[in-house]
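The values are calculated or read from the model by the stated rules, or taken from the named source; none is laboratory data. These numbers come from a predicted model, not from an experiment. Every residue, glycine among them, receives a Cβ derived from its backbone with ideal geometry; neighbour counts consider all protein chains shown.
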């Protein structure tokens, strides 16, 4: 039987090196087609009417005027009279029309009467949440009271990290055609294999009757897994319009209001420690909201999970705002902030270098040696020893520099994935998976693994993804894709090659165990002169072709994939104490992700994660208006993202040493997107000498913290 | 913090005379336009609200569409001409995903009305590069992996091309950051973009000459 292992590192021709993404040119020349780019023959445009109130009862809906508007083909009610609406932006009705303008006009012509009800849209002040806050119960470990009594130093501080949006550049939406008993779905999804079944359920159709097609997706970050209301309604509008395809994508304001957010986290963290910095006790009182359903506790203490004495209380706060969805590394950024900011504040209280304090406490983490060596590597790349100063830049300039760090972790084991490899007699190789490429480089990674296995070039592999007719592959969430598709690709390629060896062995006069695929040839091991070119070998298939499956089973991944990574990020900032503006000088990311398939896209993922962290640390926040209960910044002017001039220098170091490489392929989507926010916040505290308790670290908050310090 | 592109030239409303003059540059459509502008519009000098014929010069070719006067150049490109390289992201002149070059100037296509774009020389990503030859900017974006999901990428490529057209001597990251400050990326590809634009500048300089 074939072996399922990666070639030894020194024998890999392609894996672990830097390769251009195979769909790069298609994207960079604008030829790549996303769902939102489709113009199908006879296509209609859909638009949604959403609720302007944060909490209201629908009294009546009158669609008669809308139905008579020019171009309108169908009007559908989503909410009913009498229904209670729990957040602004909730879907009320949907319209399809011949042009987008007509659809929008028709939406405006729908008359809805609401009875506004009292709302709560802010959770940062727990006192004001009243009965909307639900306590989750105390979690107790060890004897925290005794530990605080014996602690040589105690540090206590309030922290807050807000709700932020995914802000995918391609909004949520789809083109859907429901004709007869068949539905064609062109979504923007992280879940090609699963979204069809989800839509079918809502439409009460057999799952086999929904065909899913997606070449590209313009960002997901955890928010695009299900068919959603706009998928279901676009399908129904299509059916009601005689089966014409309907395009329904959210406008930016709706996207930022209801298409998913990261939950917030607020709370007071109290640490007790010895004078040498060893933490002995953790106590936290936290709360969070991810919308109407509340918000779970982040996994705290984060990374330093083995702190022996703990008391934790958490409350989930229900607010009248658009709901949370998985946001790249769900709840980990919040956990990291509550934990690593508290450790930095403890270090400052002890007048200790936080690098030393984090290393001292690494024994409380599940992988002490990994974290210690990553901290050392990051410190070297940051020139930490040379640059670090105790909290508060003592220089006379109004520009204050500071350093900060944070640690993170993520599981990222490969998901269930099946792949089908076809080798044709003309030498063509195809691989089919019901997967998706979120921009992470999944297509390219599949081609690399396939080419590595068959001894071919990357361009010799035809990668086919994005159809639910292909063998099922998991949704791309939780950094599970690279492990999943690498495992299934390697296995299916190995099986197919084994079949080709069956055909070629008699021709080369050697047992098939003696054959290898190298550099576009099938050759006899130890006697490479005895060979057939790939094309000649495949020609022996005659009228046949080889078609072989391969699967990654998460419960039994073998040596190909594994789970659990760590990373360290350090930030250097400059704070203008006159304006409160924080400028990024440098960020260092040291990251482990097991066996690396494509170093170029792995680095890109890490650079991107750091930049996303800069956005979240300095700019991003969903701002709610207490009076109207609506999002005040549902646009890209005031929902701020970092621009190209805001990022400073970024240094990425991927751990590729043998002990990491030996672990098998592990996902990278989430881990480097965690620690940066806290590293930056810690650097600001180190620069200005006082903790800015709430991120994002806007000029207003920085100035307020400075004022408190000076008071 | 980030710089903004010059806002596109806005006219509150297009005068009928200016409108026809604009169309005249596109050639041939004049009679058709005169015939289809409603009498009421003629007397007040306004267009619409119904659809009007619009002639656009895109990548050197004349394109005729019939759209309502409120339709942006971006929506005309995407919904009526199936030129979907320019993306609609913010739709409010912030993010640059819809960047095109109009009369040599980098503009947001979401902030220009299609009727106002008549008579202008419009370059879109679809016109980039010559047959069989990839434009150096697009090639550099691939080489430096200056893209992930790729949705913002055509906008960045056009903004970068606009920069190198007007200043082939770009040498510093600061210049790139200034010129591309009006484009936003969510995946975080800026590190690759900085390298790609500087590399493309070097290459175009070496090759001696601009690329269409």
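In this structure, residue A:66 qualifies as in contact with a helix residue (DSSP H, G or I) (Cβ under 9 Å, 6 or more places away or on another chain) and without any contact (Cβ under 8 Å) to a residue 60 or more places away in the chain. For residue A:519, the conditions (1) touching a strand residue (DSSP E or B) at 6+ places or on another chain (Cβ under 7 Å); (2) surrounded by fewer than 23 Cβ atoms within 10 Å (Cβ to Cβ); (3) under 25 Å from residue A:24 (Cα atoms) are fulfilled apart from (1). Against the criterion of being more than 27 Å from the chain's Cα centre (by Cα) and surrounded by fewer than 18 Cβ atoms within 10 Å (Cβ to Cβ), residue A:153 qualifies. Of the residues making up the stretch A:143-150, none is more than 30 Å from residue B:51 (Cβ to Cβ), within 14 Å of chain B (Cβ to nearest Cβ), touching a residue at least 24 places away in the same chain (Cβ under 8 Å) and not in a strand (DSSP E or B). The condition (being closer than 25 Å to residue A:564 by Cβ and either in a helix (DSSP H, G or I) or under 28 Å from the mean Cα position of the chain (by Cα) (or both)) is satisfied by just one residue among A:403, A:407, A:500: A:407.
Quick grid of which residues meet (1) surrounded by 21 or more Cβ atoms within 10 Å (Cβ to Cβ); (2) closer than 27 Å to residue A:644 by Cα:
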site: B:71; (1), (2): yes, no
site: B:80; (1), (2): no, no
site: B:86; (1), (2): yes, yes
site: B:110; (1), (2): yes, yes
site: B:138; (1), (2): yes, yes
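Restricting attention to the stretch A:200-225, the residues being more than 14 Å from every other protein chain (Cβ to nearest Cβ) and over 13 Å from the mean Cα position of the chain (by Cα) number 14.
Of the residues that make up the stretch A:71-78, is at least one closer than 30 Å to residue B:82 by Cβ, surrounded by fewer than 18 Cβ atoms within 10 Å (Cβ to Cβ) and out of contact with any strand residue (DSSP E or B) (no Cβ under 8 Å at 6 or more places or on another chain)? No, that holds for no residue. Within the stretch B:60-83, the set of residues being in a loop (DSSP other than H, G, I, E, B), more than 7 Å from chain A (Cβ to nearest Cβ) and out of contact with any helix residue (DSSP H, G or I) (no Cβ under 8 Å at 6 or more places or on another chain) comprises B:81 only. Return yes when residue A:482 is at pLDDT 95 or above, within 16 Å of the chain's Cα centre (by Cα) and under 23 Å from residue A:13 (Cβ atoms) and no when it is not. Answer is yes for this residue.
Taken over the stretch A:161-185, the criterion of being farther than 24 Å from residue B:188 by Cα, in contact (Cβ under 8 Å) with a residue 60 or more places away in the chain and part of a strand (DSSP E or B) is satisfied by A:174, A:175, A:176, A:177, A:178, A:179, A:184. Note on the stretch A:638-711: enclosed helices (runs of 4 or more DSSP H) holding 2 or more residues that are over 23 Å from the mean Cα position of the chain (by Cα) and farther than 30 Å from residue A:449 by Cβ are A:676-688, A:699-710. Here A:300, A:258 are screened, and the one residue that is in contact (Cβ under 8 Å) with a residue 24 or more places away in the chain, crowded, with 23+ Cβ neighbours inside 10 Å and farther than 30 Å from residue B:152 by Cα is A:300. One residue stands out among those in the stretch A:92-111 that are surrounded by fewer than 20 Cβ atoms within 10 Å (Cβ to Cβ) and more than 14 Å from chain B (Cβ to nearest Cβ): the one that is nearest to residue B:70 (Cα to Cα), which is A:109.
The residue that is farthest from the other protein chains (Cβ to nearest Cβ), counting only those in the stretch A:11-30 that are more than 23 Å from the chain's Cα centre (by Cα) and either part of a helix (DSSP H, G or I) or closer than 30 Å to residue A:233 by Cβ (or both), is A:11. Summed over the stretch A:454-477, residues that are in contact with a strand residue (DSSP E or B) (Cβ under 8 Å, 6 or more places away or on another chain) and either surrounded by 24 or more Cβ atoms within 10 Å (Cβ to Cβ) or in a loop (DSSP other than H, G, I, E, B) (or both) total 12. A single entry from B:180, B:163 fulfils the requirement of being farther than 24 Å from residue A:34 by Cα, buried (at least 20 other Cβ atoms within 10 Å of the Cβ) and either within 18 Å of the chain's Cα centre (by Cα) or facing chain A (nearest Cβ under 7 Å) (or both): B:163.
Looking at the structure I just gave you, is residue B:142 in a helix (DSSP H, G or I), in contact with a helix residue (DSSP H, G or I) (Cβ under 8 Å, 6 or more places away or on another chain) and facing another protein chain (nearest Cβ under 7 Å)? Spelling it out, residue B:142 is indeed in a helix (DSSP H, G or I), in contact with a helix residue (DSSP H, G or I) (Cβ under 8 Å, 6 or more places away or on another chain) and facing another protein chain (nearest Cβ under 7 Å).
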